[in-house]
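For reference, the structure is listed below as structure tokens.
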Number of protein chains: 4
Amino acid sequence: MIVVMSLKASAREISDVIARIRSMGYDVHLSEGKERTIIGVIGRGRPLDRDQLALMPGVQDVMPVTHPYKIASREYHPDDTLIPLNGIKVGGPNLAIIAGPCAVESREQIIETAHAVREAGATALRGGAFKPRTSPYAFQGLGEEGLKYLAEAREATGLPIVTEVTDPQLVPLVCQYADILQIGARNMQNYALLNAAGESQHPVLLKRGMSSTIEELLMAAEYILSHGNMRIMLCERGIRTFETYTRNTFDINAIPVLKHLTHLPVIADPSHATGKWEYVESVALAAVAAGADGIIVEVHMDPEVAQSDGRQSLKPERFAAMVSKIRQLAPVVGRQVHELVGEQVGEHD
Amino acid sequence: MIVVMSLKASAREISDVIARIRSMGYDVHLSEGKERTIIGVIGRGRPLDRDQLALMPGVQDVMPVTHPYKIASREYHPDDTLIPLNGIKVGGPNLAIIAGPCAVESREQIIETAHAVREAGATALRGGAFKPRTSPYAFQGLGEEGLKYLAEAREATGLPIVTEVTDPQLVPLVCQYADILQIGARNMQNYALLNAAGESQHPVLLKRGMSSTIEELLMAAEYILSHGNMRIMLCERGIRTFETYTRNTFDINAIPVLKHLTHLPVIADPSHATGKWEYVESVALAAVAAGADGIIVEVHMDPEVAQSDGRQSLKPERFAAMVSKIRQLAPVVGRQVHELVGEQVGEHD
Amino acid sequence: MIVVMSLKASAREISDVIARIRSMGYDVHLSEGKERTIIGVIGRGRPLDRDQLALMPGVQDVMPVTHPYKIASREYHPDDTLIPLNGIKVGGPNLAIIAGPCAVESREQIIETAHAVREAGATALRGGAFKPRTSPYAFQGLGEEGLKYLAEAREATGLPIVTEVTDPQLVPLVCQYADILQIGARNMQNYALLNAAGESQHPVLLKRGMSSTIEELLMAAEYILSHGNMRIMLCERGIRTFETYTRNTFDINAIPVLKHLTHLPVIADPSHATGKWEYVESVALAAVAAGADGIIVEVHMDPEVAQSDGRQSLKPERFAAMVSKIRQLAPVVGRQVHELVGEQVGEHD
Amino acid sequence: MIVVMSLKASAREISDVIARIRSMGYDVHLSEGKERTIIGVIGRGRPLDRDQLALMPGVQDVMPVTHPYKIASREYHPDDTLIPLNGIKVGGPNLAIIAGPCAVESREQIIETAHAVREAGATALRGGAFKPRTSPYAFQGLGEEGLKYLAEAREATGLPIVTEVTDPQLVPLVCQYADILQIGARNMQNYALLNAAGESQHPVLLKRGMSSTIEELLMAAEYILSHGNMRIMLCERGIRTFETYTRNTFDINAIPVLKHLTHLPVIADPSHATGKWEYVESVALAAVAAGADGIIVEVHMDPEVAQSDGRQSLKPERFAAMVSKIRQLAPVVGRQVHELVGEQVGEHD
């Protein structure tokens, strides 16, 4: 940390700041300019609160020089974290393609969709059983019934399941069915939920909050990591800006930035990022070109009757066309789309 | 709802949209211009999803004409909701002055602060026992121990307690100690928590999410209201913008707007809105001038050693000076600051 | 400036950075921690580009420790700048009340409005002759004809004129008519215009750009100040955020912050800040309570037929009621609304 | 336009609104629901101001149903506009690759850079002679001298010149040297400049303002188009958001959205979008994958000594590597990078 004293700080104020820093177990390096004194904090002492120093008389500013996240940082863990998923390792050369409806609406719907996305090349199936909705009057998901249908869809297709959990109490239940716990954008700073997900030791897909900075996303991951749960995929799904033509603004910059700052895999969600199906393919291709480790996309057999997010859901044939383009593009950035080999589980039942 | 057909919509597409709307139990009013047809949806039918219509061939746009919130709306409930608090009614002429530390740090600290803010004119005491912190390594609050100290402070001063709950499982516990449950900005769309708070029938102070629209704040209130819990105070605490000089940007517009749209009381939090104590008084006065029903302010006996939010905490004497100015300003906007009468509970113990 | 070296910076990289800094005429203070080296730049040398240092091998970050603005800074000019306007000094105890229509629409309209706002207590008259409009097809103002009508209104009422200039070429023309040049939000970083306004030595009302930071506003003022033109009033008129219910989000924090950072007066524009007349009074009162040196408000005799901004214009009687409330509120924050004394110029002509 | 009356609007208020609409030459379509009346405005009358209707008693809301831009709209001009540039047609299958330094710093610098980017595959050369800078104390460009050096660089390499103009008075001068006038982000709503650029009939590269919506960008283009100047390339260069890790947030969504809404070509600027050279390649690839018609990139021979924007400038070899990747990626989205054939102009002089 660096403490910048104000122009008119007195010698007494400066020595008080130094004494405080030393009292916490740190060394001090003094840089006395003609106009202003700057104090560097050195070594490892007891936790030093930036605010506390900032309030001392004569202090103009206190500036951190390191990231607040540790385990998530590539500085401390240079190698990419790889997370096994249906025969590939997310974070490695194979792209993860996660697809499915916004919400599980019925047993038939989810099984039919699972087959459709598997054929088109999906690595995993997404589908919400517990839906966070802006309105209390909107469809809130099928709950545990939905989880059961997801498990059936997995059995029928072999696709692992990604599904959202919104309540810390429900983490054990959802873990019984899900291969990957999704923590949604609205819950990115729901620390009770992050702690529960950390303790579960279950793989997590952690979505960036709609107005969370990249650093806050990494701090949210740090909550999970601090429980020893290292299997986290970060998900960029668009941020809130002044632009209202699209549902969110996809922060494409965040993809190379995250790959630079952290070892965790980064998944892109072009469906929520745009909110309109006609722009999903372009943004999905962009995300892969920018270095994403995979995508998560909403696919619905019949978007016009979807109970939620129909506006941004692809039909299976458009999804298949998109995957085919991603397959072509991937090698340009050193990636590939894994071809599932062998019999499709349950296909001939 | 109004459905705007595109320039090139065919007669068939128009009749399909009409048929869909009618099939849901609505009437239709057709407005056929030279260039384009517009379809009005009339009456009350089954829930009609905007997205579903938007996806039908030939549809350009679908626009709602009513608010999505109902019970929160002043249109349906014109009179101000009044919430009793320590002898005043929040939402009426008396301003609520809620003050105290960010976090309960010790028994002595909270009791001493409670006395100090009571003397300066506070209506209620704030203090966090469960603290949501960006970093998993930061002080997370004293938990139930903190709640107990808060209860002691109430006993000593007569001040009712406002304290945050972050986990739906903890709502019953926190209700045992708190007079008002605070739901923090990060949890504004934590629906499991909103539902638990609604079911508790306990008064709630609901903070606006840092990037939530006014409409989303009202929808979050609607979650609580839909459980029959009408005692909600909304809290504007600043929103996230591109400006980084202050911690947040206080949305002063939101105060008259909320007073116009809803019957629920509106409280201002100038501490989080600015993040720097030197601007708190100006913004508190502004909030009252704009029509707020009260303020919630961070006060610490010694901000330089506060375990959190010291940078934005007022010392008791500055808080007292601020309340005195609010007292002078209030009558200009038809308000007053209630003088507590009679013995201060516990003062001479 | 402070240069933070990365964890793995080599001794050679460190000495290269030091050599570069010294070659520009600065001294260096070295702070060698166990983990990382920090280099302070001391003294006054040739302009040192932050980017250039940031690109040197081994450098992690470069942080400025001073503001980039100089003449605008209160650090270098502690006393408030006072700008004479119609018998008051803007920046002193008397509040400036600037009012009038968005655009000059006709001779009669501007003269009638001038009388109305003068009676209600206005210090100066606003009105646009050159209007920047989002659409090329919208009314663009009356041009020089509008300026002439403004001059007639000044003659009739004694009110000085505030009017916008949008083109550097037109600065000399507008100076012939206007008492105060307005530079609008869209032009806050139109440097050709800022330079022309600086050279004119005419008083300037400089509006904050809709997405400009406080620091950028002060840098824009610095352009004008660098020409020796010290008579600048800054104007907070709302910034662009994700909230769309109001036209802009009024940054009330900016008022005390600007008063702290600079000696220049700060004017609030609640009309553009809200975009809806029903919220103008609340925000105007808030701005005064927060420490603004005055307000600029849109007033129209008949908003329903206004050629622009009718939605946010007050009728004269509402404006008068608002001024009366401001008059009551002002003393709470050590201000007053000046009573114009003596004959109203031209009233009995 | 659609006028939504409020729940409690009286019959008289409704008939007044209808009379006003008819008086402007429009027809009216009435949709009388059980709760609320909605009035559709039909046909073509005199310009009807949304604000004026919104202010009439009983009116709740007024909603436009068409875009405010006309000539820029793909609805009115379905075919892509193609703009010839150095043997390719921007907007067609060949990608435009515009590269060069932020600012022209010297004759040698710009000529050397021109050769370097030409060899790497650039279609045109960028370089600023008039630089808009946040600080009045920063390097402001070489002015006309810089234009002359650009012309020499064109002569030496055959590369057409893209350079910024910031003052309407300078448009004729800049047109003498530039092949394409650049209008920068800060000037996107400088209407005097847009009009001057429109009148010049010179091709224009119009950058999106840092907080301008997509619709405002199209309205700015409409200013130029309304002068009959159809040769406009739009440029997405990142918008301002709460995220500060990167200089701006590149709005990748805007690329497919603009291609959908308008016939004008869309160029991406990954340098300003990120502000850090290490992320430029990823974002450039993403932009092409999303459908951009080209890129404009900052390249400097020695970024560490660049007088501006060094932090975001690529060295020529990195630029060449990036173009090579774009060349591979382009066919996936139906594009290509043109190979310049024949002698390089001036190479053997």
Of the residues in the stretch B:142-170, those that are over 22 Å from residue B:86 (Cα atoms) and in contact with a strand residue (DSSP E or B) (Cβ under 9 Å, 6 or more places away or on another chain) number 2
Could you list all residues from the stretch A:102-154 that are within 14 Å of chain B (Cβ to nearest Cβ) and either charged (D, E, K, R) or over 30 Å from residue B:197 (Cα atoms) (or both)? A:105, A:131, A:133
Residue satisfying all of: in the stretch A:296-327; farther than 14 Å from residue A:122 by Cβ and within 14 Å of chain D (Cβ to nearest Cβ); surrounded by the fewest Cβ atoms within 10 Å (Cβ to Cβ) among these: A:325
Checking residue B:285 against (1) within 22 Å of residue C:242 (Cα to Cα); (2) at the interface with chain C (Cβ under 8 Å from one of its Cβ atoms), which single condition isn't satisfied? (1)
Output the residue which, of all residues in the stretch D:231-271 that are of a type in the set (A, V, I, L, M, F, W, C) and at the interface with chain A (Cβ under 9 Å from one of its Cβ atoms), is surrounded by the most Cβ atoms within 10 Å (Cβ to Cβ). D:252
Selection within the stretch C:293-313 - free of Cβ contacts under 8 Å to residues at least 40 places away in the same chain and among the aliphatic types (A, V, I, L, M): C:305
Which of the residues belonging to the stretch A:260-273 are assigned to a helix (DSSP H, G or I) and in contact with a strand residue (DSSP E or B) (Cβ under 6 Å, 6 or more places away or on another chain)? A:271
Check the stretch C:126-138 and report whether any residue there is of a type outside the set (Val, Ile, Thr), surrounded by fewer than 22 Cβ atoms within 10 Å (Cβ to Cβ) and outside any loop (DSSP other than H, G, I, E, B). no
Within the stretch B:14-27, can you find the residues that are closer than 22 Å to residue D:41 by Cα and more than 9 Å from every other protein chain (Cβ to nearest Cβ)? B:14, B:15, B:17, B:18
Report, ordered by the first and then the second residue, all pairs with beta carbons closer than 8 Å, sequence separation of six or more or different chains, a first member in the stretch C:6-26 that is on the phi > 0 side of the Ramachandran plot, and a second member that is in a loop (DSSP other than H, G, I, E, B). C:25/C:43; C:25/C:44; C:25/C:45; C:25/C:46
Output the number of the condition that residue B:274 fails; it satisfies all remaining conditions of (1) β-branched (Val, Ile, Thr); (2) more than 9 Å from chain C (Cβ to nearest Cβ); (3) farther than 21 Å from residue B:80 by Cβ. (2)
All but one of (1) crowded, with 23+ Cβ neighbours inside 10 Å; (2) facing chain D (nearest Cβ under 9 Å); (3) small (Gly, Ala, Ser) hold for residue C:178; which doesn't? (2)
Could you pull out every one of the strands (runs of 3 or more DSSP E) wholly within the stretch B:1-113 that has 1 or more residues that are surrounded by fewer than 18 Cβ atoms within 10 Å (Cβ to Cβ) and under 37 Å from the mean Cα position of the chain (by Cα)? B:59-63, B:83-85, B:88-90
Evaluate the following for residue D:257: is it in contact (Cβ under 8 Å) with a residue 40 or more places away in the chain and touching a Leu at 6+ places or on another chain (Cβ under 8 Å)? no
Take the residues in the stretch A:292-349 that are of a type in the set (Gly, Ala, Ser) and not in a helix (DSSP H, G or I), then tell me which one is modelled with the lowest pLDDT. A:346
Filtering the stretch C:155-166 down to residues that are within 12 Å of another protein chain (Cβ to nearest Cβ) and either in contact with an Asp or Glu (Cβ under 9 Å, 6 or more places away or on another chain) or hydroxyl-bearing (Ser, Thr, Tyr) (or both) yields C:166
Which of the residues that make up the stretch C:55-77 are under 30 Å from residue C:11 (Cβ atoms) and either within 12 Å of chain D (Cβ to nearest Cβ) or without any contact (Cβ under 8 Å) to a residue 40 or more places away in the chain (or both)? C:55, C:56, C:57, C:59, C:61, C:62, C:64, C:66
Would you call residue C:34 touching a residue at least 24 places away in the same chain (Cβ under 8 Å) and either charged (D, E, K, R) or under 28 Å from residue C:257 (Cα atoms) (or both)? no
Assess whether residue B:186 counts as being surrounded by 20 or more Cβ atoms within 10 Å (Cβ to Cβ), more than 14 Å from every other protein chain (Cβ to nearest Cβ), of a type outside the set (A, V, I, L, M) and in a helix (DSSP H, G or I). no
Please work out if residue B:69 is in contact with a helix residue (DSSP H, G or I) (Cβ under 9 Å, 6 or more places away or on another chain) and not aliphatic (A, V, I, L, M). yes
Check on residue C:293, within 14 Å of chain B (Cβ to nearest Cβ), more than 29 Å from residue A:211 (Cβ to Cβ) and of a type in the set (Asp, Glu): yes
Return the residues of the stretch C:190-210 that are more than 19 Å from residue C:133 (Cβ to Cβ) and not in a helix (DSSP H, G or I); say none if nothing qualifies. C:201, C:202, C:203, C:204, C:205, C:206, C:208
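The values are calculated or read from the model by the stated rules, or taken from the named source; none is laboratory data. Computed from a predicted model, the values in this text were never measured in an experiment. When we count neighbours, we look across all protein chains shown, and the Cβ atoms used for this are built from the backbone with ideal geometry, even at glycine.
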